[in-house]
Amino acid sequence: MTTQRILFLDHTAVLGGAELCLLDVAAYFREGSLVALMEDGPLREALERRGVRVTVLASGGSLRQVKRESAVPGFAAVGAVLNAAREVARLARDYDVVYANSQKAFVVACVSAAFARRPVLWHLHDILDKRIFSRVNIGVDVFLANHVASRVIANSQATASALRANGGTRVPVDVVYNGLDPAVADTVTAADAASMRASLGLGKGPLLGLFGRLAPWKGQHVAIQALALIDVDTDVELVIVGDALFGEESYAAELRALVAKYELAKRVHFLGFRNDVPVLMRMVDVLIHTSTAPEPFGRVIVEGMLAERPVIATAGGGASEIVRPGVTAWQIQPNSPVDLATAILDVIDDHSRAREIALAGRADAIARFTLSVTLPQTERSIALAAGGRA
Ligand code: UDP
Ligand code: GLC
């Protein structure tokens, strides 16, 4: 176990995938470490339940106003970053390395390094894509990566490539996939799954599950459009698990309107954000992933494999690194309801093939995407970033 004292930093306390990843990493390295959050929320509670020390930065409030797509950072934004950086610098003096878990956290960590001179490790969870992030944001990130960061952990080759393609070539980058705990899926019994299904009032037909926050690029609309293409006699139903975490409420409303338009209210069920994903995953018959932009990694795909579900995932980004098409999961083109509907019918029609692929998916996920594989890799990156020996 590393002897580094780590100051983890994240701008949000909402439970997105990057934060769930941080939860496991910070819990593992909790001895002598601290997590600083720029807002209070469920992540703080979850960390504390795992025995991790957490502090909420007083300066975080004003920083929340700084938008990821803002073209030109205003004076207020610069002031907010400076305030947060000073506060982080005061904390950082007691730690060996600052581990920034989000883009905003990374910028603050780099500015704080000017005051506290601590090495900065950036865990990059996003594909730096000009369609999603402003040029200014990407430019600042890349400049700081090249000139301030000691090291970057990228959550996939795709994420690492995008950083390099944008000019981030001077910083060492380690690709470390997210690791998950396979035992989590095993705690759920068939009886738990069946009683959950009954309690939600779902039909007896094949049940599809789509897990993830509601956001246009997560493609929940594609799933609804695909369902509209599937014959009613198949009795296929869909649960959409997740909520609008980062202000995408209008997209959530659009999804409900789409369900009404296709008269699918009896077949599509919105469950909102849930803390019991493992039982819900065991409850569904097929797990679908519908992202329309390249998925940086895609925890839900691995969780579905560990839960031994047949998984249908869109190609692109980290999803293409996780899936071995036709062997461990089905792979479809993004943004294609026809492709998705075809794959769903394939899975439903051939039980034994679906079972075979689900079993292969679980074995592959255990070999490549568990915490026992990824935490030692993370530990090595932390040690190298801190200037110690790996
Ligand atoms: N998740 C959850 N509750 C929900 C929906 C999703 O806990 O209602 C979890 C899901 O199990 C996964 C994470 O949120 O671990 C989403 O991570 P992913 O990498 O798939 O996508 P992200 O949202 O980070 O882009
Ligand atoms: C981000 C990405 C997601 C990834 C997660 C954990 O939230 O959108 O694809 O799985 O981080 O690295």
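Pairwise Cα distances in region 252-339 exceed 22 Å in 34 percent of cases.
Placing a pseudo-label 7 Å from each Cα along the Cα-to-Cβ vector at Asp346 and Ser161 gives an inter-label distance of 2.2 nm. Think of a 1.4 Å ball rolled over the protein heavy atoms: region 131-181 then has 42 Å² of accessible area per residue.
Cα-based radius of gyration for region 301-390, normalised by 2.2 N^0.38 Å, reads 1.35. Shown in residue order for region 143-157 are the 3J(HN,Hα) couplings computed by the Karplus curve 6.51 cos²θ - 1.76 cosθ + 1.60 at θ = phi - 60°: 4, 5, 4, 6, 10, 10, 5, 7, 6, 10, 9, 9, 7, 6, 4 Hz (x for Gly and Pro). Please check which bits of region 175-203 a label hung off Asp276 would reach, taking the label as a point 7 Å along Cα-to-C-beta and the cut-off as backbone N under 20 Å. Counting backbone N atoms under 20 Å from the label point, the list is 183-203. Each part reduced to its alpha carbon centroid, region 303-378 and region 205-229 end up 16 Å apart. Spacing of the modelled spin labels on Val184 and Arg368, each 7 Å from Cα toward Cβ, amounts to 1.9 nm. Length available on full extension from Ala114 to Val232: 0.36 nm per residue minus the Cα-Cα distance, which gives 36.3 nm.
Distance from a point 7 Å along Cα→Cβ of Arg353 to each backbone N in region 318-340: keep the residues under 14 Å and list them by number. Flagged as within label range: 325-332.
Here the mean projected area of the convex hull built on the C-alpha positions of the chain is 18.0 nm². Accessible surface calculations at 1.4 Å, restricted to protein heavy atoms, place region 230-287 at 50 Å² per residue.
Taking one quarter of the surface of the C-alpha convex hull of region 330-370 gives a mean projected area of 3.3 nm².
Between the beta carbons of Lys130 and Ser62, assuming R0 = 22 Å, the FRET efficiency works out to 0.25 to the nearest 0.05.
Under a model in which nothing but the beta-carbon of Lys, Arg (+1) and Asp, Glu (-1) is charged, region 1-125 shows a dipole of about 280 debye around its Cα centre. So if R0 is 25 Å, what FRET efficiency would Arg86 and Arg380 give, r being the distance between their Cβ atoms, rounded to the nearest 0.05? Efficiency at R0 = 25 Å is approximately 0.20.
Ranking Ala162, Ser352, Thr342 by Cα position along the charge dipole of the chain, where only Lys, Arg, Asp and Glu carry charges on their C-beta atoms, puts Ala162 farthest toward the positive end. With viscosity 1.306 mPa s and temperature 10 °C, the Kirkwood radius over alpha carbon pairs of region 1-43 converts through Stokes-Einstein to a diffusion coefficient of 149 µm²/s. Note on the chain: dipole from Cβ charges, positive end direction compared against Thr378, Ile288, Ala252; the farthest Cα belongs to Thr378. Computed over neighbours whose Cβ is under 10 Å from that of Ser156, the net charge equals -2, Lys and Arg +1, Asp and Glu -1.
Each 10 Å bin from zero up to the one holding the largest Cα-Cα distance in region 50-199 carries the following percent of pairs: 10, 34, 30, 14, 10, 2. Taking the charge dipole of the chain about its Cα centre, with +1 at Lys and Arg Cβ atoms and -1 at Asp and Glu Cβ atoms, the residue from Phe8, Val268, Phe369 reaching farthest to the positive side is Phe8.
Note on Thr3 and Lys204: with the Förster distance fixed at 51 Å, the Cβ-Cβ geometry gives a FRET efficiency of about 0.40. Only protein atoms count toward the accessible area here, which uses a 1.4 Å probe; on region 153-276, the carbon and sulfur part of that area reaches 53 percent.
The values are calculated or read from the model by the stated rules, or taken from the named source; none is laboratory data. Everything quoted here is computed from the prediction, not taken from an experiment. For neighbour counting, all protein chains shown are included, and Cβ atoms are generated from backbone atoms with ideal geometry for every residue, glycine included. Surface areas here come from the heavy atoms of the whole protein model, side chains and all, with no ligands, DNA or RNA. Shrake-Rupley method; radii C 1.70, N 1.55, O 1.52, S 1.80 Å.
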